[in-house]
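Take a look at the structure set out below.
The values are calculated or read from the model by the stated rules, or taken from the named source; none is laboratory data. Note that the coordinates shown come from a computational prediction; the quantities given were computed from them, not determined experimentally. Because the Cβ atoms are built from the backbone with ideal geometry, glycine has one as well, and the counts that use them run over all protein chains shown.
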Amino acid sequence: MIGSGVVFRTRSWIVLGLAMLTVGAPAALAADCPGHPDALGTSRTLVVDPREHPLIGTMQYRETLPLKDHEVVLTFDDGPLPKYSNQILKMLDDECIKATFFIIGSQAKANPDGVRKLVAAGHTVGTHSMNHPLTFDRMPIEKAEAEINGGIAWTSAAMTDPSKQLAPFFRIPGLMRAEGVENHLISRGIQVWSADFPADDWRHVPSDRVYQLAMQRLEAKGKGILLLHDIQARTVAALPKIIRDLKARGYRIVHVVPATADRPATPTTQVEWLLHPPTETTPIARWPRVPGFVFTETRTLPAPSLADLNAQTEHRPLLPRKTMALANVAATLPVPGRDLFAIPEGSVEVLQSTTLSRRAATRLAMAASTPRADKGKAARSHGHRTAHAASAAPKAASKHAAQAPAPKSPAPRPTRVASLKKRA
Ligand SMILES: [Zn+2]
């Protein structure tokens with residue numbers, strides 16, 4: 001009995017030791033990529049609920065994925081096309097990177113095995129329409145719906161269990177967004193993915209350019225969703241360099257998956273879904289600072305539209321409805337118009353003259369216009385210098401322009417507007 005007790009105790013220590021090893025293992029395995037000790041790997045999985053944040057990607061929307069600094073999500077569109085998709089897949093596998101693929105229905109129809117390979121490798125698979133028409137911004141909604149459904153149907157057909165393997169993620173072909181299409185997708189619980197930056201790999205540029213653009217644009221934003229295409233030779237050629245650089249510069253890959261009944265969304269706060277709080281000193285075409293009350297009001301109290309008043313009031317309460325609130329966010333927050341940035345000449349004087357005497361207003365106007373003339377002159381001569389520098393060294397000049405702080409004083413407005421126009 002004693003002997004067996006000793007054996008039992010010894011065994012229990014071994015079991016305990018094994019258990020501790022197992023508990024310690026996930027951290028080690030996360031950084032580990034079998035056979036590839038220097039792999040970039042995937043640092044974490046982000047679970048998102050499409051219904052909570054239906055429009056993402058700062059190229060077009062206010063919100064993007066709640067990534068931390070130096071976190072990157074890789075996305076690949078337009079496949080699968082065996083010749084290139086298989087090479088991309090191998091590179092990602094070798095680095096233990098998980099990405100998101102937006103499948104075209106006709107490609108899935110022609111190459112269902114390509115879809116199965118993505119699923120087997122653990123990547124996230126969303127869709128990208130049936131035939132990739134670049135007219136989503138002007139086609140009738142019925143046609144858009146048919147395109148969306150075709151892509152979903154053929155991608156699903158390639159899967160053994162689409163209910164688990166197909167993510168409710170959709171990227172509009174060519175990013176040709178339209179409110180009607182967005183609202184349709186939102187109503188179906190499908191998340192619309194724009195991106196935070198492309199690498200222009202669909203254009204006729206060398207692969208080195210794709211690599212440079214990917215890294216430059218990522219460095220400018222510090223994190224985000226990178227848009228690539230797994231049907232291009234130049235992307236295949238650029239990807240190893242991109243991965244190598246991501247590793248060298250300390251970037252981490254995040255894998256995004258949709259929330260399900262047994263996989264709740266990663267807890268986040270609203271502000272994490274904004275890329276950066278926009279600042280006056282960063283002259284990048286971003287969403288302008290919009291007063292918080294606009295969003296608060298829109299979220300909780302959507303203004304009833306005419307359609308609301310006319311239709312089916314007996315079936316649904318007028319206010320508040322979450323889906324309509326979300327739809328109204330999309331409806332009321334289009335891409336910011338340029339006139340948002342432009343402050344009309346003389347607006348200060350006009351505003352002031354309403355509260356001051358006419359003589360005082362005239363004095364103020366004269367005082368205000370004198371230094372502006374000087375600064376306008378300075379801005380013009382600066383512009384001339386920049387243009388001159390640009391012709392001499394385009395790379396250095398454009399880099400300088402991208403990093404130059406925006407003028408803080410309100411006086412040289414023409415410069416701000418002009419620089420925005422230049423960037424657009
Ligand atoms: Zn595409």
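What to note about this one:
- Here Arg234 meets the list (1) within 14 Å of the ligand (Cβ to nearest atom); (2) under 26 Å from Pro82 (Cβ atoms); (3) among the basic types (Lys, Arg) almost entirely, failing just condition (1).
- Of all residues making up the range 75-99, the number that are within 16 Å of the ligand (Cβ to nearest atom) and either in a helix (DSSP H, G or I) or in contact with a His (Cβ under 7 Å, 6 or more places away or on another chain) (or both): 7
- Given (1) part of a helix (DSSP H, G or I); (2) surrounded by 16 or more Cβ atoms within 10 Å (Cβ to Cβ); (3) under 22 Å from the mean Cα position of the chain (by Cα), index of the condition Gly114 fails: (3)
- Options Glu147, Glu182; residue that is within 13 Å of the ligand (Cβ to nearest atom), out of contact with any His (no Cβ under 6 Å at 6 or more places or on another chain) and of a type in the set (D, E, K, R): Glu147
- The residue that is farthest from the chain's Cα centre (by Cα), counting only those in the range 237-269 that are closer than 25 Å to Lys83 by Cα and small (Gly, Ala, Ser), is Ala237.
- Residue list for the range 228-280, filter: over 18 Å from Gln212 (Cα atoms) and of a type in the set (Ser, Thr, Tyr): Thr260, Thr266, Thr268, Thr269, Thr279
- Residue match in the range 258-275 (condition: modelled with pLDDT of 95 or more and of a type in the set (Asp, Glu)): no
- Residue match in the range 262-279 (condition: touching a strand residue (DSSP E or B) at 6+ places or on another chain (Cβ under 8 Å) and farther than 21 Å from Pro54 by Cβ): no
- Taking the criterion of being touching a residue at least 24 places away in the same chain (Cβ under 8 Å) and in a helix (DSSP H, G or I), the residues of the range 155-171 that qualify are Thr155, Ala157, Lys164, Gln165.
- Within the range 193-225, the set of residues being aliphatic (A, V, I, L, M) and surrounded by fewer than 22 Cβ atoms within 10 Å (Cβ to Cβ) comprises Val205, Leu213, Met215, Ala220.
- Residue check for Ile152: in a helix (DSSP H, G or I), within 15 Å of the ligand (Cβ to nearest atom) and among the β-branched types (Val, Ile, Thr): no
- Extreme residue, farthest from Arg51 (Cα to Cα), among residues of the range 190-221 that are of a type in the set (A, V, I, L, M) and part of a loop (DSSP other than H, G, I, E, B): Val205
- Considering the range 201-219, and only residues there that are touching a strand residue (DSSP E or B) at 6+ places or on another chain (Cβ under 8 Å) and away from the ligand (no atom under 16 Å from the Cβ), the residue that is farthest from Leu46 (Cα to Cα) turns out to be Leu213.
- Among the residues of the range 32-41, none qualifies, meaning not one is within 16 Å of the ligand (Cβ to nearest atom) and either modelled with pLDDT under 95 or of a type outside the set (Lys, Arg) (or both).
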